[in-house]
Each structure stands twice: as C-alpha cells, then as structure tokens.
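Only one structure is covered here, and it is reproduced in the block below.
The values are calculated or read from the model by the stated rules, or taken from the named source; none is laboratory data. Quick caveat: nothing in here was measured; it's all calculated off a predicted structure. Because the Cβ atoms are built from the backbone with ideal geometry, glycine has one as well, and the counts that use them run over all protein chains shown.
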Amino acid sequence: MQRRPGTPSLLRELNDRSALELLLTGGPMTRSQLGKHTGLSKVTASQLLARLEDRGIVAVAGELAGGRGPNAALYAVVPSTAYVAGLHVERDEVSAGVADITGNVIARISVDPSDSADPVALVRGAVLTACASAGVPVESLRAFVIGTPGVLDPRTGDPRLAVNLPAWHEGVLDALRSDLGRPVTLENDVNLAAMAERAAGAALGVPDFVLVWIGIGLGLATVLGGKLHRGVGGAAGEIGYLPVPGVPLPEDLTHPATGAFQRLVGAQAVLPLARSYGFTEPTAAAAVAAAVAAAVERAADDFLRELAVRVATGVAAISVVLDPGLVVLGGDVGLAGGTELASRVAADVGRLCPARPTVVPSAVDGWPVLRGAILAAVDQARAQLLASVAEPV
C-alpha cells in the first residue's frame, strides 16, 4: 500500500473529515466545541469550517447563548447536501421512506405490491411516490437500501432464497442499480430491524444481542461486537428451519412453513393455538394482544404459558450457542406479547438451559425494518460525503 506524505493538503483533508464526521454524528457545534473535540486550534477550526461552508456542506444553524461577549455561532451539516431512500418489501406491502443526510425522515409511504410483479417497476414506483411526498427530486438520492425477507448471497448481494417473493431472484440487484443509477443494497429485513433496535430501541448501545422476529415468518438477527453476523452463505438467522423436539423436520427447504420451529411459533401456528383457548381474533398478533390484556384469566394465562414455552424452546437453542445476554422479541407477535410474553420466555429459557439472557420486547414502535433501511442508507451517504472531502473542488 502506497503511503501519502504528510503534506499540508493531506492534513487539511484529515482535519476536514474529522470535523465533518463530528458534525454528522454529534449535531450542531460551535467553533470552540469543534476545536475541543478535534484538538484543533480556533484558527484551524475556523479555516476548516470556512472551507466546508464554501462547498455548501456546512452552514450556520443558530447561536449558542451564554458566557461573556456575543453568542457563538452553531455550525451544522446542511440537510439538503444529500438524500437517501430506504424500502421494506413484503409480499403484501411495500413501504418507502426518504431522509436527508442528518437522518431526518422527510416522508414515509406505503404502496400495494400487487400493482406490479416486476421488482424494478415496483421499487421505482415506490421511490417516485416517496420522493413526491417528500418534495425531493429522485436525482438527489445518493443511496438506496432495501429490506427483504429470505437469504441473500453475501458474495453478490442478490436474493438466494426468497420464497415469499418469487420474482426476487439472481440478477435483481444489478437490474435495480441500472434502473436507479445509484448504489443499491439489499439486506435481510430482520437484520435491518436489529440495526434500528441498536440505534434507538431495546438494544441501544448493546454490543452483543439477538433479535428474534416472530410474525408470519421467523427470523434471527445476531449482533456480536457491534457487527451483524450473516454467515458464510447468508443463511445465519433462518430459524424457521431450526429443528425442535416433537415437530417434524422440514420436507421442502423452499417452503418455510415446513420448517420445524416455524410450525411451532410462526403466525400460522400461533393462530390455531390461540383459538384452541377461545381467542377468535383474526390474526395471531391480535390474539396475543388480547391474551395479554386478559392475562389474569385462566384461558389467557394458559395460552401465554404454552406460547412462551414454544418460543423459549428456540431461544434456549440460540442461547446455548451464542449466550448473547440480551434477547429482543420483535415482529408482530413479539411486539404484541410485550413484557408479559418476554418475562415468561425468560423464565422458561432459564429452566431449559444454563444461559440466562435478559428477554425484552422490541422498543422500536412502528416500521422497524424501514427505519433500519433508512439508517443503513444514511450511513452510506455519509461515507460518500466524507470521501468527497478529499476530492478537488
């Protein structure tokens, strides 16, 4: 690797990048605050702020009162420097959001995927609708991150097994990139939900945790040392196929409903279980929520007890391998169960294995996969912006 000499231009570049990164992550700062955090003198901080202002990246965003003399100017990254789009593609709904470089979400919409079977047309339509709602030109978008269910090939980024989205197959990623003319990343939906959980949920700042997603489908996101673990083939977390006692082994890997753990706690299994205890709500999540509301009643208590044992069977298997310390229950069913279900699962896991994880419900209220997609897209746009500081004006 060729090393660049410590020239004045390189030092300016490093200072500019350091200051810009602080403003992106720490919000508005005064010249003195910026100098304190970077170790730069006031003169040097003033010079770099002037350079970033000249490029339209940074601007005065207000004043900080206090102390003697005039108020100090607060500098911030100009939100319109770059925009990004995040999407969550499901079989029955596609949601999309547009955010600026600061992470502020400007618009969030949902569309019916039945309007188009073609993934490229579907994504393009959702992006156009979101941009129109945000009042942002599509040309201003700098990154796209799309959350989808299933297994993604870690080498190519293409879908490798997406049984609920048959049109999403090898070649889709290149087609999307060609159509949108911008960087596009596909990511597993549960992994993105875990990103949102760590940024602003129950796993805030936690370096090691797992997110167990319980809904129509099942999924697991594993975060170790602050990094997502995807596995060699991208199949890490497909816990619907997890073998569990007393449940037949999978018969067809292309159909997740045949997976052993899926048959135990997937929504298609939870709904008939709920009805056997007298809960007639139309969805598994609604039935679990009704049981939680009536937990003091015998039928509700019995239903939640059996559901907790089923969930704990999978969580115990995960815990003895990973010993994560924190288990977050997400998805429609996990969220509906709340602390009532989580506390029961924690107690049952303690009986089934030597691991003793803390089990909590998701604290990301609404659109967790989309929020994770937007966060990932913002990170990409910020990396582009930081790299652009080294480019000649």
From the residues in segment 168-197 that are of a type in the set (Gly, Ala, Ser) and under 12 Å from the mean Cα position of the chain (by Cα), which one is surrounded by the fewest Cβ atoms within 10 Å (Cβ to Cβ)? ALA196
Are there any strands (runs of 3 or more DSSP E) wholly within segment 100-161 with 2 or more residues that are of a type in the set (Gly, Ala, Ser), and if so which? 105-111, 141-148
Would you confirm whether any residue within segment 207-219 is in a loop (DSSP other than H, G, I, E, B), farther than 26 Å from VAL120 by Cβ and touching a Phe, Trp or Tyr at 6+ places or on another chain (Cβ under 8 Å)? no
Of all the residues that make up segment 110-120, how many are surrounded by 17 or more Cβ atoms within 10 Å (Cβ to Cβ) and either touching a residue at least 40 places away in the same chain (Cβ under 8 Å) or on the phi > 0 side of the Ramachandran plot (or both)? 1
Checked segment 88-109 for anything at pLDDT below 95, of a type in the set (D, E, K, R) and buried (at least 18 other Cβ atoms within 10 Å of the Cβ); matches are GLU90
Quick check on my filter: what residues within segment 202-222 are over 22 Å from ASP92 (Cα atoms) and of a type outside the set (Ser, Thr, Tyr)? ALA202, ALA203, LEU204, GLY205, VAL206, PRO207, ASP208, PHE209, VAL210, LEU211, ALA221
Please state which of the following conditions GLY225 fails to meet, knowing it meets all the rest: (1) farther than 26 Å from ALA260 by Cβ; (2) touching a Lys or Arg at 6+ places or on another chain (Cβ under 8 Å). (2)
Pair list, Cβ < 7 Å and 6+ apart or interchain, from segment 299-313 residues that are free of Cβ contacts under 8 Å to residues at least 24 places away in the same chain and within 10 Å of LEU264 (Cβ to Cβ) to residues that are in a helix (DSSP H, G or I) and of a type in the set (Lys, Arg): none
Say we look at segment 25-41 and pick out the residues that are hydrophobic (A, V, I, L, M, F, W, C) and within 18 Å of LEU64 (Cα to Cα); which of these is surrounded by the fewest Cβ atoms within 10 Å (Cβ to Cβ)? LEU34
Exactly one of ASP365, ASP323 is of a type in the set (D, E, K, R), surrounded by fewer than 16 Cβ atoms within 10 Å (Cβ to Cβ) and over 27 Å from ALA285 (Cα atoms), and that one is ASP323
Whether any residue in segment 206-219 is within 24 Å of THR25 (Cα to Cα), within 13 Å of the chain's Cα centre (by Cα) and buried (at least 24 other Cβ atoms within 10 Å of the Cβ) is what I want to check. no
Taking PRO159, is it touching a residue at least 24 places away in the same chain (Cβ under 8 Å), under 15 Å from GLY231 (Cα atoms), surrounded by fewer than 17 Cβ atoms within 10 Å (Cβ to Cβ) and not assigned by TED's automatic domain parsing to the domain that holds GLY240? no
Out of all the residues in segment 299-315, is one or more of a type in the set (Ser, Thr, Tyr) and in a helix (DSSP H, G or I)? yes
Verdict on PRO79 being of a type outside the set (Gly, Ala, Ser) and crowded, with 18+ Cβ neighbours inside 10 Å: no
Please work out if ALA85 is farther than 19 Å from ALA376 by Cα and not polar (S, T, N, Q). no
Do we find a residue being more than 19 Å from the chain's Cα centre (by Cα), farther than 23 Å from GLY226 by Cα and either not in a helix (DSSP H, G or I) or not assigned by TED's automatic domain parsing to the domain that holds ASN104 (or both) anywhere in segment 318-331? no
For the condition touching a residue at least 40 places away in the same chain (Cβ under 8 Å) and more than 25 Å from VAL89 (Cβ to Cβ), what is the one hit in VAL360, VAL369, VAL364? VAL360
